[in-house]
Amino acid sequence: MYIHGSQVNKLVKNFFKHKNCVNLAILDIGSGGGANAKYLRKKGAYVYTLDKDKQFDPVFNMDIKDFKFEHKYDIILCLNVLQFLSINEIKEIVPKILNAVEDNGYLMIQMFDSPVAD
Ligand SMILES: C[S@@+](CC[C@H](N)C(=O)[O-])C[C@H]1O[C@@H](n2cnc3c(N)ncnc32)[C@H](O)[C@@H]1O
């Protein structure tokens, strides 16, 4: 059975392949199986996983709707998770996510897809 987030996302691999990730603070929203986090930690990043499903043992085991965005992150991953929210919830959460990205940081959003790296 394929567990979402159990393989490195193609977008993540392509984007970060040649990027220096040492000491980057990354928030991975809807991290699932954690493959992206594992990949980025190996590259030296601090990855804070967030998932409402406790089986994945995320750093933040909670619903994204309840998360207090008190810190800024160099990169926020929001991959294949927003589609589980209503349009009003998305309208409310996206500005909070954007505001939590450092100046010159990156926000990576993907929806309705779960491609894996080769
Ligand atoms: C389709 S998987 C995506 C996993 C990974 N980001 C990827 O792209 O491979 C969606 C994940 O989002 C989590 N999720 C869904 N709704 C959520 C919410 N409201 N708050 C936090 N996590 C949520 C699920 O538990 C699941 O692990």
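A count restricted to the stretch 1-39 and to residues that are of a type in the set (S, T, N, Q), within 12 Å of the ligand (Cβ to nearest atom) and under 18 Å from Leu107 (Cβ atoms) stands at 3. Out of curiosity, is Lys96 assigned to a helix (DSSP H, G or I), touching a residue at least 24 places away in the same chain (Cβ under 8 Å) and either within 23 Å of Asn14 (Cβ to Cβ) or within 8 Å of the ligand (Cβ to nearest atom) (or both)? So Lys96 fails the test.
Residues in the stretch 1-34 that are surrounded by 20 or more Cβ atoms within 10 Å (Cβ to Cβ), outside any loop (DSSP other than H, G, I, E, B) and either modelled with pLDDT under 95 or out of contact with any strand residue (DSSP E or B) (no Cβ under 6 Å at 6 or more places or on another chain) (or both): Asn9, Val12, Phe16.
I'm trying to understand the selection: among the residues of the stretch 35-52, which are of a type outside the set (Lys, Arg), surrounded by 15 or more Cβ atoms within 10 Å (Cβ to Cβ) and over 9 Å from the mean Cα position of the chain (by Cα)? Matches in the stretch 35-52: Ala35, Tyr39, Leu40, Ala45, Tyr46, Asp51. Contact map, the stretch 48-60: first residue farther than 14 Å from Ala35 by Cα, second residue within 9 Å of the ligand (Cβ to nearest atom) and part of a loop (DSSP other than H, G, I, E, B), Cβ cut-off under 7 Å, separation 6 or more or different chains; pairs are Lys52/Met62; Lys52/Asp63; Phe60/Phe67.
Suppose we filter the stretch 61-90 for residues that are of a type in the set (A, V, I, L, M, F, W, C), surrounded by 18 or more Cβ atoms within 10 Å (Cβ to Cβ) and under 21 Å from Asn23 (Cα atoms); how many remain? Please lay out each step first, then the result.
Going through the stretch 61-90, the residues of a type in the set (A, V, I, L, M, F, W, C) turn out to be 62, 64, 67, 69, 75-79, 81-82, 84-85, 87, 90.
Narrowing further to those that are surrounded by 18 or more Cβ atoms within 10 Å (Cβ to Cβ): 64, 75-79, 81-82.
Next cut, under 21 Å from Asn23 (Cα atoms) only: 75-78.
The qualifying residues number 4.
The values are calculated or read from the model by the stated rules, or taken from the named source; none is laboratory data. Since the model is a prediction, treat every value here as computed from it, not as a measurement. Cβ sites come from the backbone with ideal geometry, for glycine too, and all protein chains shown count toward neighbours.
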